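Input: a single structure, listed below in structure tokens.
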Amino acid sequence: MRDLVVWLAQQLVDDKGAVRVECIERDLSTVLELTVAEDDLGRVIGRGGRTAKAIRTVIDVAARRQGRRAVLDILD
């Protein structure tokens, strides 16, 4: 799932090298912490949070297919 988040974020930002994802594994859940360059933060969040919500939906579906739960935190 980490690779999926990295790929999705890199498609949205200008500074692809600044995309970082840290995974925190728990029993049946994963917390993914996404960090991007300050200038790209708005692109990842999107207008009204729509882009962030779409990314979270894709990650949730991927996690459920593996019998897990995933949470995405976008850090600033």
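The values are calculated or read from the model by the stated rules, or taken from the named source; none is laboratory data. All of these numbers come straight from a predicted model, not from anything done at the bench. FYI the Cβ positions are ideal-geometry reconstructions off the backbone, even for glycines, and counts take in every protein chain you see.
Take the conditions at pLDDT 95 or above, part of a strand (DSSP E or B) and either surrounded by fewer than 16 Cβ atoms within 10 Å (Cβ to Cβ) or within 9 Å of the chain's Cα centre (by Cα) (or both) and apply them to residue 14. Does it pass? No; evaluated as a whole, the condition is false for this residue. Among the residues of this structure, residue 9 does not count as one that is crowded, with 18+ Cβ neighbours inside 10 Å, part of a strand (DSSP E or B) and of a type in the set (Gly, Ala, Ser). Just one of the listed residues (35, 57, 51, 30) is under 11 Å from residue 75 (Cα atoms) and hydroxyl-bearing (Ser, Thr, Tyr), and it is 35.
The residue that is farthest from residue 7 (Cα to Cα), counting only those in the range 20-65 that are touching a residue at least 12 places away in the same chain (Cβ under 8 Å) and surrounded by fewer than 12 Cβ atoms within 10 Å (Cβ to Cβ), is 28. For the range 1-11, which positions are more than 14 Å from residue 63 (Cα to Cα) and either more than 10 Å from the chain's Cα centre (by Cα) or not β-branched (Val, Ile, Thr) (or both)? 7, 8, 9, 10, 11, listed by residue number.
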